[in-house]
Amino acid sequence: MPLIGLAVVLHPFWTQAVCFINYLVALFADLIEMISKIPGKIVFGKMEDYLVIPLVCLILLSFDQRKKIRNFSLMAIATAFTASFCFIHFPMNGEFSAFGIGQGDSLLLRTPLNQKTILIDTGGKVALPQEEWQISKTSSNQAKSIIINYLQSKGINRLDFLLLTHGDMDHVGNAKYLFSSIKIKHLIVPLGMTKTNSFRREIKPYLGKTDVIEVTNQVQIRNFPFRILHPFKSGSAVNEDSIALFAKVGNLNVLTAGDLPQEGEREIASRYPDLKIDLLKFGHHGSKTSSNINVLNHWQVKYGIISAGRHNRYGHPKKETLETISRLKIRAFNTQTNGMIRFVYNNDKSYFQTFTKDFNDSD
């Protein structure tokens, strides 16, 4: 910080010194990045905000000349850090959350005490042909800036399961960054996906020791909290082959099915006629190709989550889907206006939490 302040002062009349300071700051940042990759690091997690000021005061008191005050301060600091570590790593609450990942899907199921951690899809950007002048000189890493940061804030340094519903880039494009930054025990994909070009290009080179499991609805995985309802057969990891997952999360029955079209929804409803859904992650980002009104009415959906980017080129969510939501009186959350969406639950209560107030920026 002193070097940065000095650079601000020197910038108007001594650019050579500023360049040298910039070099030192960049070198320091690279050193921190290198240290962070040393094996064996402990992910502490994010402490509660209300603890910051008391801890700062205690740290200052730990330099007091009076021994009793120093000892009390050090004991209080150690107690606060130990208690925070336990509360972060062994939370009483679980959550089912949709990341505000833009035009894509990424969902997290974290059970109480962090017993199971499952990430469903990773988001990612669809690469369209661009002129040289259109290509950004800087690129943001959603996996690192959003997903991994959030996981580590919850004390999570590994995933029990990463599930990719199908092969579209807005569902798998960030997977390679996750594999390089966090330990993933099992990867679940629809049967036939390992033979596709997208898997060979985007997933296989980064797998490491991760175990790959291909599934249909006939495969049920040990210690995996979801029931797999789709696909029914091998495919090529397109929308029609999307994995559909069902689970009891807290007091809600939850269904998420990637970009599965309406025909796939009807097939699930036909094969599982007694299925009732409380919370639905709307298919294909709210596209009219998903969310059949008769199926949703049969499932008796009460709550919904739409994961779509603001001002996306596809116009998601579509007018037809919004009309279905209105006709069936579904309470729907949308990452476009609500940001990250969390359903938090424990044995006593459950609630929805959003991180951005509703707004309308369509004008």
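The values are calculated or read from the model by the stated rules, or taken from the named source; none is laboratory data. Keep in mind the model is a prediction, meaning the values are calculated, not measured. Glycine gets a Cβ as well: all are built from the backbone with ideal geometry, and neighbour counts include every protein chain shown. Quick note on the areas: whole protein, heavy atoms, side chains included, nothing else; ligands and nucleic acids left out. Shrake-Rupley method; radii C 1.70, N 1.55, O 1.52, S 1.80 Å.
Looking at the stretch 167-186, is at least one residue of a type outside the set (D, E), in contact with a Pro (Cβ under 8 Å, 6 or more places away or on another chain), open to solvent by less than 10 Å² (accessible area, probe 1.4 Å) and in contact (Cβ under 8 Å) with a residue 60 or more places away in the chain? The answer is no; no qualifying residue exists. If you go through the stretch 101-117 and pick out every residue that is under 16 Å from N174 (Cβ atoms) and buried (at least 21 other Cβ atoms within 10 Å of the Cβ), you end up with 7. When A237 is tested against (1) surrounded by fewer than 21 Cβ atoms within 10 Å (Cβ to Cβ); (2) over 30 Å from M92 (Cβ atoms); (3) touching a His at 6+ places or on another chain (Cβ under 8 Å); (4) not charged (D, E, K, R), just one condition goes unmet, and that condition is (1). Filtering the stretch 109-122 to residues that are farther than 18 Å from S242 by Cβ and part of a strand (DSSP E or B) leaves R110, T117. Can you tell me which of (1) surrounded by 12 or more Cβ atoms within 10 Å (Cβ to Cβ); (2) closer than 30 Å to I156 by Cβ is the one R70 doesn't meet? Failed condition: (2). For the stretch 200-216, the set of residues classified as open to solvent by less than 50 Å² (accessible area, probe 1.4 Å) and either under 24 Å from S290 (Cα atoms) or part of a loop (DSSP other than H, G, I, E, B) (or both) consists of I203, L207, T210, V215, T216, listed by residue number.
The listed residues are K302, K349, and the only one of them that is closer than 19 Å to E95 by Cα, modelled with pLDDT of 95 or more, open to solvent by 60 Å² or more (accessible area, probe 1.4 Å) and not hydroxyl-bearing (S, T, Y) turns out to be K302. For residues in the stretch 276-300 being under 19 Å from I243 (Cα atoms) and of a type in the set (A, V, I, L, M), which is farthest from the chain's Cα centre (by Cα)? Going through the qualifying residues, I end up with V295.
State whether the residues of the stretch 217-226 include one that is in a strand (DSSP E or B), surrounded by fewer than 18 Cβ atoms within 10 Å (Cβ to Cβ), free of Cβ contacts under 8 Å to residues at least 24 places away in the same chain and not polar (S, T, N, Q). Looking for residues that are in a strand (DSSP E or B), surrounded by fewer than 18 Cβ atoms within 10 Å (Cβ to Cβ), free of Cβ contacts under 8 Å to residues at least 24 places away in the same chain and not polar (S, T, N, Q), one finds none in the stretch 217-226, hence no.
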